[in-house]
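See below for the structure under consideration.
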Amino acid sequence: MIGPRVSFETSTHTLVVEGFHERTEETRLTFHKDICVRDGVWIGAGALILCGVTIGEQSIVAAGSVVTRDVEPGILVGGVPAKMIRRLIA
């Protein structure tokens, strides 16, 4: 189940400090990674799921969370960045 205003961001870019303002091809490289949401997941309103993340089965993502890393199966995560709050399945 997915709440309102959830955002799945499948693309990003590298951070280049030197030459940032020159805007050459090397400083504007983007890449894409899939997002995988397994069975039985709940994602709360306004959550942001970043590229390359897998959310494990039966997990819950709290509203407004920013998920930057994989979520283990059966846990509740929340916050910015999202961290484990508690285990849902023993």
Checklist outcome for this item: Share of Cα-Cα pairs in the range 39-90 beyond 18 Å, whole percent, is 14 percent
Checklist outcome for this item: For I55, other-chain or 5+-apart residues with amide H closer than 5 Å (H placed, Pro excluded) are C36, V37, R38, V71
Item to check | Most to least packed among 37-43, 61-67, 4-10 [average Cβ atoms within 10 Å] | outcome: 61-67, 37-43, 4-10
Checklist entry - Relative to the present Cα-Cα distance, how much length would full extension add between H13 and T54 at 0.36 nm per residue of separation? => result 12.8 nm
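Just so you know, all these numbers are worked out from the coordinates, no wet-lab data involved. Being a predicted model, the structure only gives us computed values, none of them experimental. When we count neighbours, we look across all protein chains shown, and the Cβ atoms used for this are built from the backbone with ideal geometry, even at glycine.
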